[in-house]
């Protein structure tokens with residue numbers, strides 16, 4: 001795409017910075033194509049190595065000092081994906097796609113598990129889509145495609161994800177403790193819910209205001225999550241002196257509610273994870289499950305109530321409308337946002353849905369200290385900043 005210098009007239013030459021910018025972008029594109037070609041060659045060599053040696057290629061790459069353990073794991077996973085889908089290897093060698101697109105294919109293959117045949121039948125259309133989509137767009141498209149061909153209500157996927165759940169804790173050389181892992185959607189939704197509720201209670205109790213003292217580069221919301229996790233692990237209790245229970249907000253379409261369980265029926269939690277409807281029914285006995293019923297336009301029709309303050313009920317309704325910060329282009333998740341009054345409370349603004357939107361920390365500060373004026377279209381829930 002050509003950059004247009006709007007400061008120049010029809011007969012003017014492009015400014016030097018515009019010319020240099022195009023040169024840099026062109027060179028970066030060339031490097032990307034070269035990287036893709038090299039990655040394709042690497043995958044071909046790994047496939048050949050598998051036929052020559054009985055040792056696991058991941059172990060071989062690490063032992064020979066060619067890659068770190070994490071890099072080797074990623075490379076072997078990509079190589080396996082290209083091995084079952086040669087069209088992706090071909091597109092990669094030509095520089096039409098990037099390694100990130102192959103990662104999307106790997107994730108889709110992981111979703112379908114052992115029965116890859118239905119997904120491989122769609123491999124031609126997937127490869128074509130990869131050539132015309134950004135990596136992020138393709139990852140979502142590939143995963144949605146994999147989910148659409150499953151016929152077990154997502155139970156098979158959930159069982160695999162349970163087996164892959166793990167948590168690693170280690171100390172680095174300066175004494176900081178690191179935590180890394182992954183949870184299946186059921187456990188993950190519980191963990192996210194408990195941390196989010198703990199953070200929320202810290203706000204209400206005044207333990208943790210917006211001006212947290214964090215090091216440069218550390219997101220204040222991530223700092224609050226860490227403090228909340230410490231509080232939960234330490235056995236902190238809520239104001240009723242009872243252990244904090246998980247709260248799951250589950251989005252379910254109106255047709256499912258009317259017709260009940262049907263083929264490929266899954267419910268989506270407010271954190272973006274899919275759960276089989278049978279799992280949601282079981283969880284309703286163990287956690288506070290709030291069903292948010294949506295019509296065909298994903299507009300809330302009704303929000304089930306758990307025993308809580310009205311403000312929490314309103315947050316759940318807002319969560320059904322906004323997955324992220326209400327500012328266009330911001331992808332900060334809802335549970336990391338503050339609920340903002342468009343007409344300030346101190347100016348007489350009401351605490352109701354027509355006067356509230358979720359804003360991430362950055363945009364919340366901009367709305368207050370930056371002098372932003374916000375206007376909400378009540379029909380589309382679209383927010384305008386002036």
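Please treat every number below as a calculation from the coordinates, not as lab data. Since the model is a prediction, treat every value here as computed from it, not as a measurement. Please note: Cβ atoms are built from the backbone with ideal geometry, for glycine as well, and neighbour counts cover all protein chains shown.
Summary of values
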item	result
Relative contact order (%) - the stretch 55-106, alpha-carbon pairs under 8 angstrom, separation at least six	27 percent
Whole-number percent relative contact order across the stretch 166-233, with pairs defined as alpha carbons under 8 Å at least 6 apart	25 percent
Value of D in µm² per second that Stokes-Einstein yields for the stretch 13-92, Kirkwood Rh from Cα pairs, at 10 °C (1.306 mPa s)	109 µm²/s
Taking N as its residue count, the alpha carbon Rg of the stretch 166-233 over 2.2 N^0.38 Å	1.22
Solvent-free Debye scattering, log10 I(q)/I(0), computed from the Cα coordinates of the stretch 322-386 at q = 0.16, 0.28 Å⁻¹	-0.46, -1.45
Rounded D (µm²/s) - the stretch 94-165, Kirkwood Rh over Cα pairs, Stokes-Einstein at 10 °C, 1.306 mPa s	127 µm²/s
Where the Cα pairs of the stretch 21-149 fall when distances are cut into 5 Å bins, in %	2, 11, 19, 21, 19, 14, 9, 4, 1, 0
Most to least packed among 131-142, 15-26, 36-47, 182-193 [average Cβ atoms within 10 Å]	182-193, 36-47, 131-142, 15-26
